[in-house]
1. Give the Kirkwood hydrodynamic radius (Å, one decimal) of the chain, defined as one over the mean of 1/r across all pairs of different Cα atoms.
2. Is any residue of the range 101-130 close enough, with backbone N under 18 Å, to a label point placed 7 angstrom from the Cα of Ala50 along the Cα-Cβ axis, and if so, which?
3. Can you find, among Val85, Thr43, Thr30, the residue farthest towards the positive end of the dipole of the range 3-159? Put +1 on the C-beta of Lys and Arg, -1 on that of Asp and Glu.
4. Report the residue, chosen from Val56, Val104, Val116, that carries the largest GNM mean-square fluctuation when the chain is represented by alpha-carbon nodes joined by springs under 10 Å.
5. Efficiency by 1/(1 + (r/R0)^6): what FRET value for Leu23 and Arg158, r their Cβ-Cβ distance, R0 = 41 Å, to the nearest 0.05?
6. So, R0 is 41 Å and r is the distance between the beta-carbons of Tyr135 and Leu76; what FRET efficiency does that work out to, to 0.05?
7. Say we join alpha carbon atoms closer than 10 Å with springs in a Gaussian network model of the chain; which of Val95, Val145, Val28 then has the biggest fluctuation?
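Just so it is clear, none of the values below were taken in a lab; they were calculated from the coordinates. Predicted model only: the values in this text are computed from it and were never measured. FYI the Cβ positions are ideal-geometry reconstructions off the backbone, even for glycines, and counts take in every protein chain you see.
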Amino acid sequence: MSEAGFLSKIVARRDAPARLAALPGPVVFTNGVFDVLHRGHVTYLAQARALGGSLVVGLNTDASARRLGKGPDRPLNAEHDRAIVIAALESVSLVTWFDEDTPVQLLSELRPQVYVKGGDYDMRTLAETALVEGYGGRSLAIPFVDGYSTTTLVQRIRASR
Ligand SMILES: Nc1ncnc2c1ncn2[C@@H]1O[C@H](COP(=O)(O)OP(=O)(O)OP(=O)(O)O)[C@@H](O)[C@H]1O
Ligand SMILES: O=P(O)(O)O[C@@H]1O[C@H]([C@H](O)CO)[C@@H](O)[C@H](O)[C@@H]1O
C-alpha cells in the first residue's frame, strides 16, 4: 500500500464512528500508547486482527500518555508519528486517538464487537470489559510475548550509550 493509502486509515475521533461503520465485521478494538514499536506489539496486533474482520486502534494522545507515568520523557514519539507507524501495519484497519485516561468513552462511541489487550492485563478487572460485555461484546487478552516492552528497550538503548 502506498503512503497515501495507509494515511487514510488515520481518522479524527469525530469521524471514527462513520468510518468504522463501513469496515468489515466483526470489528476488533484495542488501545495503547505504542510509543516505540516492537515484536510484541506487531504479534499482538496481528493476532487481534485475526479475531475479526477489521482492527481499530485507539491511541493515547501525548497528553493522555504522559499521565500514565511511563517516564518523564515519554512518549518519545508524538501522537501523529505513532499513528502513522501503526497505520502502516497490514493488520490495522483504522487508527484514532483518545485524550482521556482510559478508552471507555471512545469504546462507548464505537461499540466494537471485540475488545482486546495484551496478556499483561487482567481483563476481568477492566472497566472496558464491563462496558463491552454490557452491550453483548467480547473482551479478551492476547498472549504476552515475553521479553519485549518499550520501557526495557529504551532502558537498553540508554545503558549502551
Ligand atoms: N510483549 C508483548 N506481547 C503482547 N502484547 C503486548 C506486548 N507488549 C505490549 N503489548 C500490548 O500492546 C499494547 C500497547 O502496549 P504498550 O504501548 O504499553 O507497550 P509496552 O511495550 O508495554 O510499552 P511500555 O513499556 O511503554 O509500557 C497493550 O495492549 C499491551 O497489552
Ligand atoms: O499502552 P498501554 O499502557 O497498555 O495502554 C493503556 O491501556 C489502558 C487499559 O485500557 C486499561 O484501562 C488504558 O487505560 C490507558 O489509557 C492506555 O491506553
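1. Mean inverse Cα-Cα distance, inverted, gives 16.0 Å.
2. Of the residues in the range 101-130, 114-120 have backbone N under 18 Å from the label point off Ala50.
3. Of the candidates, Thr43 comes out farthest on the positive side.
4. Val104
5. 0.55
6. 0.70
7. Sorting by GNM fluctuation, first place goes to Val145.
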